[in-house]
Amino acid sequence: MTDRIVEAVFKCSLCGETAATVTLIPLDASHADVLQPGVATLVIADFIGRSREQVGGEREEPLRAALEEKNAAALYELERLWAPFYCPRCRQAYCIHHWTVVPNFDDEFPGFYDSSIGTCPQGHRRKVDD
Ligand SMILES: [Zn+2]
Ligand SMILES: [Zn+2]
């Protein structure tokens, strides 16, 4: 049996715009975004650019469940950077326009991008990109 592709669109709790579109492509799907045949791929789009990563087999089922429920908190619990749009302290999703994202540069190698720190509309800070 072939698992189907699950796409979850998370909305900003303030403006209703799309905060992110998160798509799980099962390991046996043929799809242009698949990184490696035989490994499930997660695509996170519409927040900061578009990122893809491989998902290990044991994480695929809980990830699928979180996306089917559109449960940003569960997604965040699985892997924080899979839900960069979610503030765990507000327990809300926000779109990129409502986050203030500041790039963080490596201390030892000035000029090298390290990660991004986001501040939610309520002033909570978290890492949103790495
Ligand atoms: Zn917050
Ligand atoms: Zn918004």
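Residues to consider are Val39, Val34, Val9; find the one that is in contact with a Ser or Thr (Cβ under 7 Å, 6 or more places away or on another chain), more than 23 Å from Cys120 (Cβ to Cβ), away from ligand 1 (no atom under 16 Å from the Cβ) and among the β-branched types (Val, Ile, Thr). It would help to see each step written out before you state the result.
Details: Val39 fails: in contact with a Ser or Thr (Cβ under 7 Å, 6 or more places away or on another chain); Val9 fails: more than 23 Å from Cys120 (Cβ to Cβ).
Testing whether each residue is in contact with a Ser or Thr (Cβ under 7 Å, 6 or more places away or on another chain), more than 23 Å from Cys120 (Cβ to Cβ), away from ligand 1 (no atom under 16 Å from the Cβ) and among the β-branched types (Val, Ile, Thr) leaves just Val34.
Counting just the residues of region 35-50 that are free of Cβ contacts under 8 Å to residues at least 40 places away in the same chain and open to solvent by less than 70 Å² (accessible area, probe 1.4 Å), which one comes out nearest to Glu17 (Cα to Cα)?
Ala45
Give region 79-130 a look and list any residue that's in a helix (DSSP H, G or I) and away from ligand 1 (no atom under 13 Å from the Cβ), or say none.
The first filter runs over region 79-130 and keeps only residues in a helix (DSSP H, G or I), leaving 80-82, 96-98.
The answer is Arg80, Leu81, Trp82, Ile96, His97.
Within region 114-130, take every residue that is away from ligand 2 (no atom under 16 Å from the Cβ) and of a type in the set (S, T, N, Q) and give me the one that is farthest from Cys12 (Cα to Cα).
By that ranking, first place goes to Ser115.
Taking the options Asp107, Asp129, name whichever one is closer than 27 Å to Val55 by Cβ and at pLDDT below 95.
Values: Asp107 fails: closer than 27 Å to Val55 by Cβ.
Answer to the check: Asp129.
The values are calculated or read from the model by the stated rules, or taken from the named source; none is laboratory data. Quantities reported herein were computed from a predicted structural model and do not represent experimental measurements. In this analysis, Cβ positions are derived from the backbone assuming ideal geometry, glycine residues included, and neighbour counts consider all displayed protein chains. Just the protein is used for accessible areas: all its heavy atoms, side chains included, with ligands, DNA and RNA removed. Shrake-Rupley method; radii C 1.70, N 1.55, O 1.52, S 1.80 Å.
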